[in-house]
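Attaching a single structure in structure tokens format; questions to follow.
The numbers here are math on the coordinates, done by the rules we state, and not lab data. All values derive from a computational prediction rather than experimental measurement. In this analysis, Cβ positions are derived from the backbone assuming ideal geometry, glycine residues included, and neighbour counts consider all displayed protein chains.
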């Protein structure tokens, strides 16, 4: 059996033998321990005569009767506790059981037995039928021996209680199922309390190990139930907040030591995350009292802002994780639950609102992406257009639902940020992506006005403007001029916008004519004008016959004006 520091039976043996021998038993331990080690049971078969003659304090006048047997039994138990091999020593629980078997039960709790109790108990149970002198003599010796046992066991009772507490908690696969009543029963059984150092130390050790196992390592995220789980376990153990808080600080010290031992950058980041999670969880466990129960600043020299960052960042991560369950069919119950979670996480309304809006925007962006994938498909069919409209209808329905919930009579108890969805600040907020949104608008309008002349006019106008804008961006950025193939660049642009290439050619001619009119406004085309027009013709891939026609029309009309004037 493995003997731990929780129950030092060796000390019990030394104290007991010292009382019975009248001196320290050090000179006899090496000689007599061999007898204890040879025993197959707890009581060693050393003769009664040897123990009484050679070991017992001879100043004690001790008759040969049943009282002698009781003292011998106690001596043999004490000797077994002095075995040089700790693994061969009996456990304190076995000692207690042995004494309870050999001695009839007393009427008081074990931890409150006194020497007077032993004396009266011995007289009553072992010497009731003998002479008065015999009874008193035997009781005196038994009282001395019993007093030694009581003294030693009284000092070991908190240790025994701690072992029983440890075994009780270890027997649970799920420590959260601990019963506060059972733990109180263990303390009551041994007559101990949280004021007993050994018992309280075991409570602290159990609590520390539990908290350490509940808070995930630095690389893992909190799940959200850590605070409630720790509070329930703390209450089940019946721990006071100051003792529990000291264990949280000790865990912080352990993390700091690990940071020093790790040395590498990745390990340092992970331990920093672990420390931040400890600060956050500890703050929520102790609530308002955390400010004076948890001396983070004094012990670890962290600033108020660092503590606030730890709380803010972990609260954001937890709320972000909670938002993952929110989909487009969100209801009142979910919104109330989100609000309660936000408050329990100690997340500010401003941050909660921002996170909620980000989440709803991402839900809408998924529909937008799905619609664009179908709209830009090279093998697009009529059915694809229908699916595009369906995705956009989902967005509108979700937006209308959020507007309705914002105006709900219980909106004050809902999650912060409920309201119309906006793509601003998201994936489709740039100029290029806004052009994609215009394409979706065009498709939606076309479908809504399908078969009507107004629809074609609206969609053509929108697409033409988008094409002109994208073309201007290509020219100003140099992408078009320095592309390997101008024709391929223009063709890809038409395909991307689903714009008719013939309409694009007409726009190119219109752009060239406008440029030519500007250059020939004073009736003369300079060399710079000719270079600019040539550059534009090459970039836009304008055919020569179109150029000739434009020059004939514009320059011819100018010539006619000059002649007529």
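Highest first, please rank the peptides 289-295, 271-277 by the mean number of other Cβ atoms sitting within 10 Å of their residues.
Peptide ranking by packing, descending: 271-277, 289-295.
Give the relative contact order (percent, whole number) for region 214-316; include only Cα pairs under 8 Å separated by 6+ residues.
Relative contact order comes out at 35 percent.
Which FRET efficiency value, to the nearest 0.05, do you get for residue 321 and residue 532 by plugging their Cβ-Cβ distance into 1/(1 + (r/R0)^6) with R0 = 51 Å?
0.30
Continuing with this model, one more query. With a point put 7 Å past each Cα toward its Cβ, work out how far residue 495 is from residue 240 in nm, to one decimal.
About 7.8 nm, to one decimal.
For a Förster distance of 22 Å, can you work out the FRET efficiency between the beta-carbons of residue 197 and residue 288, rounded to the nearest 0.05?
Once the sixth-power term is evaluated, E becomes 0.15.
Just want the ordering: 304, 436, from fewest to most Cβ atoms lying within 10 Å of their own Cβ.
In order of increasing Cβ crowding within 10 Å: 304, 436.
Okay, moving on. Sorted by mean Cβ packing within 10 Å, highest first, what order do the peptides 420-426, 88-94 take?
Per-residue Cβ counts within 10 Å, averaged per peptide and sorted highest first, yield 88-94, 420-426.
Test of understanding: what is the full-extension gain from residue 99 to residue 312, defined as 0.36 nm times their sequence separation minus their Cα-Cα distance?
Gain on stretching residue 99 to residue 312: 70.8 nm.
What list do you get for 326, 466 if you sort them by fewest beta carbons within 10 Å?
Lowest to highest Cβ neighbour count: 326, 466.
List residues of region 221-236, by number, whose backbone nitrogen lies under 20 Å from a label position 7 Å along Cα→C-beta of residue 184.
Those under the cut-off are 231-236.
How big is the Cα convex hull of region 346-429 in projection, averaged over all directions, in nm²?
In nm², the orientation-averaged hull projection of region 346-429 is 6.3.
Moving to a separate point now. Place the peptides 375-385, 73-83 in order of packing, highest mean first, counting for every residue the other Cβ atoms within 10 Å and averaging per peptide.
In descending order of packing, they fall as 73-83, 375-385.
If neighbour count is taken as other Cβ atoms inside 10 Å, put 551, 87, 408, 508 in order from fewest to most.
Ordered from fewest to most neighbouring Cβ atoms within 10 Å, 551, 87, 408, 508 come out as 87, 408, 551, 508.
Report the gain in length on full extension from residue 258 to residue 87: 0.36 nm times residue separation, minus Cα-Cα distance, nm rounded to one decimal.
58.3 nm
Give me the tail of P(r) for region 214-316 as a percent: Cα-Cα pairs with distance above 23 Å.
Summing the P(r) of region 214-316 above 23 Å gives 23 percent of all pairs.
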